[in-house]
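The values are calculated or read from the model by the stated rules, or taken from the named source; none is laboratory data. On a predicted model such as this, the values are computed, not experimentally measured, just so you know. FYI the Cβ positions are ideal-geometry reconstructions off the backbone, even for glycines, and counts take in every protein chain you see. These accessible areas exclude ligands, DNA and RNA; they are computed on the full protein's heavy atoms, side chains included. Shrake-Rupley method; radii C 1.70, N 1.55, O 1.52, S 1.80 Å.
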Amino acid sequence: MILVAITGATGVLIAIKLLKVLKEKKISTELIISKAAELVLNTETELSISDIIDLASKTYDVNDLEAPPASGSHKLDAMIIVPCTMKTLAAIAHGYANNLITRAADVNIKEKRKLILIVRESPLSAIHLENMLKLAKLGVVIAPPVPSYYIKPRSVEELIEYTVGRILDQIGIESDIKRWGVE
Ligand SMILES: Cc1cc2nc3c(=O)[nH]c(=O)nc-3n(C[C@H](O)[C@H](O)[C@H](O)COP(=O)(O)O)c2cc1C
């Protein structure tokens, strides 16, 4: 089971593509969407929340602190926050578990499970970098959605596919992205 959380940074299409691929591969997913992510979804896509919810096996309300991911007893293989805002990053770095996304991340850290943050902001301030360093030292994967231009992308869609492929690499799921040194 993979828990996917979407927060209000630009790049919501990466999360949507990830959910689509995991669904195609018949991998169960749980989904939490922050309130700010709903705003970004409206700005960056023509999709509605229900379109995204349909891609996940189960969805929880971001304010439902009684939902299963709030507990360490809930079985999870990994949690991916994609995209991850600097606000959610800060909350996680300081153990400020004020909603189901930050609580679930806090739980994943204490249970020593895989937590992957697709952090998105530019430029990065010293506050952002300190928060990332703190979490990286705890084993959290800090993976900004930075393009690899050697794949010679011809479209935004190709860039998104590549980013999703690299996220899948982190959880040991195969994809057919172009790889350096492989023709
Ligand atoms: C269209 C739009 C794009 C945004 N992009 C980013 C971003 O790339 N990175 C970021 O840290 N915040 C970004 N923000 C600001 C966050 O949405 C805001 O800090 C929010 O409080 C984050 O809440 P959340 O972490 O609970 O989703 C953006 C906001 C909007 C409306």
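Within segment 20-48, residues that are of a type in the set (Gly, Ala, Ser) reach partners that are more than 16 Å from the ligand (Cβ to nearest atom) and in a loop (DSSP other than H, G, I, E, B) with beta carbons closer than 9 Å, at six or more positions or on different chains, in the pairs Ser28/Met1; Ser28/Ala56; Ser28/Ser57. Residues considered: Thr43, Thr59. Of these, the only one that is open to solvent by 60 Å² or more (accessible area, probe 1.4 Å), within 16 Å of the ligand (Cβ to nearest atom), out of contact with any Ser or Thr (no Cβ under 8 Å at 6 or more places or on another chain) and within 19 Å of Cys84 (Cα to Cα) is Thr43.
Pairs meeting the criteria (first residue in segment 1-16 and part of a loop (DSSP other than H, G, I, E, B), second residue more than 12 Å from the ligand (Cβ to nearest atom) and at pLDDT below 95, beta carbons under 9 Å, at least 6 apart or on different chains) are Met1/Lys75. Glu66 falls short on exactly one of the conditions (1) open to solvent by 20 Å² or more (accessible area, probe 1.4 Å); (2) farther than 20 Å from Met1 by Cβ, and that condition is (2).
Is it the case that some residue within segment 126-145 is open to solvent by less than 100 Å² (accessible area, probe 1.4 Å), touching a helix residue (DSSP H, G or I) at 6+ places or on another chain (Cβ under 7 Å), modelled with pLDDT under 95 and in a loop (DSSP other than H, G, I, E, B)? No, segment 126-145 has no match at all. For segment 150-183, taking the residues that are surrounded by 10 or more Cβ atoms within 10 Å (Cβ to Cβ) and basic (Lys, Arg), the one that is nearest to the chain's Cα centre (by Cα) is identified as Arg166. Give just the number: which of (1) closer than 22 Å to Thr163 by Cα; (2) surrounded by 13 or more Cβ atoms within 10 Å (Cβ to Cβ) does Asp51 not satisfy? Result: Asp51 fails condition (2) only.
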